[in-house]
Amino acid sequence: MRTQVLIVGAGPSGLLLGQLLHRAGIDTLIVERQTAAHVLSRIRAGVLEQGTADLMDEAGVSARMHAEGLLHDGFALAVDGVRHRIDLRRLTGGRGVLVYGQTEVTRDLMAARDAAGLPTLYEAAEVRIEGFDTATPRAHCTVGGEPVEIHADFIAGCDGFHGVCRASVAADAIRLYEKVYPFGWLGLLSDTPPVSDELIYSRHARGFSLCSMRSPTRSRYYLQVPLGERVDDWTDARFWDELRLRLDPEAAAALVTGPSLEKSIAPLRSFVAEPMRFGRLFLAGDAAHIVPPTGAKGLNLAASDVRYLSQALIEHYRERSDAGLDHYSARCLARVWKAERFSWWLTSLMHNFDQEPAFQARLQEAELDYVLGSEAARRVLAENYIGLPF
Ligand code: RFL
Ligand code: PHB
């Protein structure tokens, strides 16, 4: 088989890249290890920056997002039982974020790809890529037991943190930066009304919690849990009891519980691979970087990589200019590191680090006091939360 851009991975990065390139008349083929249903069953991000929503517009897949997405003008930080509102609109000159699930983003992109008749090889096993440092990159995989060979001009590695693309780069050509946190997030999805119209990030002596949502009738909650915790040890009742203990009194009183639709644990990690380009291979999204979810930046960073990569590839084919491709890695990484900094900072501010020295705990209290008491500090938080400019 032959295509212009081979995309490895049908998560939000790969699907969005495919759609933007298709609109510019560029051929793509996507290979995905899982089934489409499996990709859609992973419950992940919920908050879109304006820049990500704009990209959905550009890709022509935003009708349902505008109809069903919830515009949020602010969110709350609750500290030891007292809620403080961060007024995004006032602090950023009128901006906010859109609450619309990653699952829905992915569903809309898959539907658009199907409607356009564009090829995706699902359940592609043993995907291997080679020759990306030459003019003729190739990939091999098996689909339904049959071997498939794919020739492309470029390969886009949109295959997430555990993907094959980054792993195919020679060790001396890549530098990895990583920080692993001593806890994870246990998430629960339920068809119950959210406790509040806005998200609540709570710091508490028992650990961090987050009240989020997918719609006026569907909630998403998270609890900080120690590493090594098992989902099976968390009945729904135990989850709800623990969450209630960590909420401010008003939220605890408003909490409506119900059976879980999904429960899972995600470890928290900060990770960056540099550079993001290796000859004719370009990494995008979680394949190149991971942020802890506290700042709601992972999916949004993936979208910003895809924005730069799609523009660079379009420039290559339309204008025969490789300037965008040459600048791709540096442009992405400038934005990535700022989001890494913000995600690390908000994680450090709101979680319980009871293994750390007492000095650390005092610094955290001082920082919280400062952020909540200073208009300037709140503005910095708000400006980062809505997403830095491109
Ligand atoms: P994905 O979504 O991991 O998709 C990669 C795809 O590649 C496939 N794949 C392969 N295909 C072929 N061959 C191989 N060898 C392959 N290996 C892997 C996989 O099956 C998969 O389909 O990466 P992508 O597209 O870069 O998207 C990134 C986002 O998924 C991620 O950054 C966000 O979910 C992070 N995130 C959040 N981001 C936000 O912007 N806002 C949020 O509110 C937010 N909340 C979250 C989050 C992530 C979480 N978890 C579980 C890590 C909340 C959580 C709990
Ligand atoms: C979510 O709704 O899944 C969500 C929202 C905000 C975050 C992380 C996750 O910071």
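Here are the numbers for this structure:
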quantity: Residue check for THR134: at pLDDT 95 or above, away from ligand 2 (no atom under 16 Å from the Cβ), among the polar types (S, T, N, Q) and closer than 14 Å to PHE282 by Cα; calculated: yes
quantity: Residue in segment 335-346 that is touching a residue at least 60 places away in the same chain (Cβ under 8 Å), buried (at least 21 other Cβ atoms within 10 Å of the Cβ), out of contact with any Cys (no Cβ under 8 Å at 6 or more places or on another chain) and over 21 Å from PHE208 (Cβ atoms) present; calculated: yes
quantity: Filtered residues of segment 277-286 (kept if more than 6 Å from ligand 1 (Cβ to nearest atom), at negative phi and in contact (Cβ under 8 Å) with a residue 60 or more places away in the chain); calculated: PHE278, ARG280, LEU281, PHE282, LEU283, ALA284
quantity: All positions within segment 351-390 that are at pLDDT 95 or above, within 19 Å of the chain's Cα centre (by Cα) and among the hydrophobic types (A, V, I, L, M, F, W, C); calculated: LEU381, ALA382, ILE386, LEU388
quantity: Of all residues making up segment 246-297, the number that are basic (Lys, Arg) and over 25 Å from GLN4 (Cα atoms); calculated: 4
quantity: Test: residue in segment 299-320 that is part of a loop (DSSP other than H, G, I, E, B) and either more than 16 Å from ligand 2 (Cβ to nearest atom) or more than 28 Å from LEU283 (Cα to Cα) (or both); calculated: yes
quantity: Condition check for LEU299: in contact (Cβ under 8 Å) with a residue 12 or more places away in the chain and of a type outside the set (S, T, N, Q); calculated: yes
quantity: Hits in segment 92-138 - residues which are under 18 Å from the mean Cα position of the chain (by Cα) and free of Cβ contacts under 8 Å to residues at least 24 places away in the same chain; calculated: none
quantity: Boolean, PHE183 is surrounded by 20 or more Cβ atoms within 10 Å (Cβ to Cβ) and more than 30 Å from LEU121 (Cβ to Cβ); calculated: yes
quantity: GLY69 being modelled with pLDDT of 95 or more and within 15 Å of ligand 2 (Cβ to nearest atom); calculated: yes
quantity: Those residues of segment 78-91 which are within 23 Å of the chain's Cα centre (by Cα) and of a type in the set (Val, Ile, Thr), in sequence order; calculated: ILE86
quantity: Residue match in segment 77-97 (condition: surrounded by 18 or more Cβ atoms within 10 Å (Cβ to Cβ), under 21 Å from VAL306 (Cα atoms) and hydrophobic (A, V, I, L, M, F, W, C)); calculated: yes
quantity: Among the residues listed as ARG206, ARG166, ARG218, the single one being within 11 Å of ligand 1 (Cβ to nearest atom) and either touching a residue at least 12 places away in the same chain (Cβ under 8 Å) or in contact with a Phe, Trp or Tyr (Cβ under 7 Å, 6 or more places away or on another chain) (or both); calculated: ARG166
quantity: Qualifying positions in segment 1-47 - within 18 Å of the chain's Cα centre (by Cα), within 7 Å of ligand 1 (Cβ to nearest atom) and not in a loop (DSSP other than H, G, I, E, B); calculated: VAL8, PRO12, SER13, GLY14, VAL39, VAL47
quantity: Some residue of segment 149-161 being surrounded by fewer than 17 Cβ atoms within 10 Å (Cβ to Cβ), within 16 Å of ligand 1 (Cβ to nearest atom) and under 28 Å from ASN300 (Cβ atoms); calculated: yes
quantity: Residue in segment 142-152 that is under 30 Å from ARG230 (Cβ atoms) and outside any strand (DSSP E or B) present; calculated: no
quantity: Hey, LEU223 closer than 21 Å to HIS351 by Cα, touching a Lys or Arg at 6+ places or on another chain (Cβ under 9 Å), within 16 Å of ligand 2 (Cβ to nearest atom) and without any contact (Cβ under 8 Å) to a residue 40 or more places away in the chain or not; calculated: yes
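A quick yes/no check of all residues on (1) surrounded by 15 or more Cβ atoms within 10 Å (Cβ to Cβ); (2) farther than 12 Å from VAL195 by Cβ:
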residue: ARG214; (1), (2): yes, yes
residue: TRP234; (1), (2): yes, yes
residue: ARG238; (1), (2): no, yes
residue: ASP241; (1), (2): no, yes
residue: ALA252; (1), (2): no, no
residue: GLY258; (1), (2): no, yes
residue: ILE265; (1), (2): yes, yes
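The values are calculated or read from the model by the stated rules, or taken from the named source; none is laboratory data. Since this is a predicted model, take the numbers as computed values, not measurements. So basically every Cβ, Gly included, is an ideal-geometry build from the backbone, and we count neighbours across all protein chains shown.
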